[in-house]
1. Carbon and sulfur: what percent of the stretch 33-102's accessible surface (1.4 Å probe)?
2. Just to confirm, what accessible area per residue do you get for the stretch 67-197 at 1.4 Å probe, in whole Å²?
3. What are the ³J(HN,Hα) values, in whole Hz, obtained from phi via the Karplus relation 6.51 cos²θ - 1.76 cosθ + 1.60 with θ = phi - 60°, for each residue of the stretch 52-58 in sequence order, with x given for Gly and Pro?
4. Can you send over the solvent-accessible area of residue 100, 1.4 Å probe, protein chains only, in Å² to the nearest 10?
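The values are calculated or read from the model by the stated rules, or taken from the named source; none is laboratory data. Nothing here was measured: the structure is a model prediction, and the numbers come from that model. The accessibility values were calculated without ligands, DNA or RNA, using every heavy atom of the protein model including side chains. Shrake-Rupley method; radii C 1.70, N 1.55, O 1.52, S 1.80 Å.
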Amino acid sequence: MMSTTVSKGSEIIFNHVLKNLIEENPLFMLKSCGYEGYIHQAELFYKLAVRHPIRALIADEIGLGKTIETLLLIKWGLSKGKFSRVLILVPRGILMQWKMEAKNMKLNPIIDIDQLKPESDGSKRIFIFKIDTVKQEENKEKLLKYKWDVIVVDEVHKLGLNTDRYKLVKELVEKNPNASLIFLSATPHRGKEDHYVGLLSLLANLNEKNVKKL
């Protein structure tokens, strides 16, 4: 009887430790979702998870896992109650990739703008939309009605100053000054200083002139 009791007690302790590892250790979290996980991804997680709000431009090269790194932070933030509503804006060609990776992370993303409705208030939701769809005035108005805890923009170098894409992100940032902002790009600086400063000003929610003085 004693050995059985010890065995059950050990099992409870083991399951508790394993649960904590999966919830707190990024490499264990990735493994539980079917990913190998790499040290640079864990390092980024630890650097950003302690920040509130998160303000980051992730500029890893193509193939190093920017999407996975971002979803890992989102998954953790949702599990800890730090985030409730997450908005991810992506180019048309990679929407389905984001959806697939989010599902691998055991998240259930919504990719149809028509499903963004008032009854979703208060629930934990992750929305992934094509930026060229939601930049349209009618859809932009829908986005601006909501409070976003996290705003992610993939391939942020494609915003372009004074474009509808840039104006959309700028309005979202201004409407949600306390939101975490995560920008992704393998080529954030493409030789145009004004454009790069514009991106940094959005990220920091600062006036462009103040960014140039930093």
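1. Numbers: 1880 of 3350 Å².
Ligands and nucleic acids excluded, carbon and sulfur give 56 percent.
2. On the way: 6130 Å² over 131 residues.
For the stretch 67-197, the per-residue accessible area is 47 Å².
3. In residue order, the calculated couplings are 8, x, 7, 10, 8, 10, 8 Hz.
4. Solvent-accessible area, nearest 10 Å²: 100 Å².
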